[in-house]
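Since the structure comes first, as C-alpha cells, the remarks are kept for the end.
The values are calculated or read from the model by the stated rules, or taken from the named source; none is laboratory data. Not measured: the values here are computed from a predicted model. Every residue, glycine among them, receives a Cβ derived from its backbone with ideal geometry; neighbour counts consider all protein chains shown. These area figures cover heavy atoms from the full protein model, side chains too; ligands, DNA and RNA do not enter into them. Shrake-Rupley method; radii C 1.70, N 1.55, O 1.52, S 1.80 Å.
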Amino acid sequence: MRYRVTITFEGETQTPGACPDAYTITRTWKALDNCGNEATASQIITVQDVTDPVLTVPENITVECSAIPALGIEIVTATDNCDTDVTISFEGETQTPGACPDAYTLPAPESGGQLRK
C-alpha cells in the first residue's frame, strides 16, 4: 500500500505595517491525504526596515574664499536596502571660525565631514 499526501500552496496575503517597508506576509499551505484528510499551516514573515540609508556627500576640501563650491544637492546620493526612492534634504550648514578672520569650517551636511575654507 502506498501512502500519498498532496501539498498545495494556497496563497499569501500581505498586511501593512507602520511604514511602506514594514509589513507581514502570511503564506498558507494545505496537505491532503488519499483518504481526504487535510491539514493547513501558515508561515508568517515579518518584514522590517531597520537599516539606515547610506548617504554619500562630497569629500572634505580646503579652498580659497572665492572658491567655495555652490550647494548642489544633485551631487549627494543615498541608497537604501528597502527603498529605491530615498528622499534627500539639505538641513543647513554652520560656519566654525578658524585661526584668522578668513578661515572657517563648514561641516558637510549629514556626514560628519567638513568643508574647510
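Taking only the stretch 47-72 into account, find how many residues are modelled with pLDDT of 90 or more and open to solvent by 90 Å² or more (accessible area, probe 1.4 Å). Steps first, please.
Taking the stretch 47-72 first, the residues modelled with pLDDT of 90 or more are 47-56.
Now drop any that are not open to solvent by 90 Å² or more (accessible area, probe 1.4 Å), which leaves 48, 50, 52.
Total meeting the criteria: 3.
For the stretch 14-38, give me each residue that is within 23 Å of the chain's Cα centre (by Cα), loosely packed, with under 13 Cβ neighbours inside 10 Å and not in a loop (DSSP other than H, G, I, E, B).
Across the stretch 14-38, the qualifying residues are Q14, T15, P16.
Can you report the number of residues in the stretch 77-99 which are of a type in the set (G, A, S) and either over 20 Å from P58 (Cβ atoms) or not in a loop (DSSP other than H, G, I, E, B) (or both)? Show your work before the answer.
Within the stretch 77-99, the first condition is being of a type in the set (G, A, S), and the residues that meet it are 78, 89, 92, 98-99.
Among the residues that remain, those that are also either over 20 Å from P58 (Cβ atoms) or not in a loop (DSSP other than H, G, I, E, B) (or both) are: 78, 99.
Residues flagged as of a type in the set (G, A, S) and either over 20 Å from P58 (Cβ atoms) or not in a loop (DSSP other than H, G, I, E, B) (or both) within the stretch 77-99 amount to 2.
Check off (1) in contact with a Leu (Cβ under 8 Å, 6 or more places away or on another chain); (2) modelled with pLDDT of 95 or more for A39 and give me the number that stays unchecked.
Of everything listed in (1) in contact with a Leu (Cβ under 8 Å, 6 or more places away or on another chain); (2) modelled with pLDDT of 95 or more, A39 misses just condition (1).
Only residues in the stretch 69-84 that are over 20 Å from D52 (Cα atoms) count as the first member; pair them with residues that are surrounded by 13 or more Cβ atoms within 10 Å (Cβ to Cβ) and aliphatic (A, V, I, L, M), Cβ under 9 angstrom, at least 6 apart or cross-chain, and list the lot.
Filtered contacts from the stretch 69-84: P69/I61; P69/L115.
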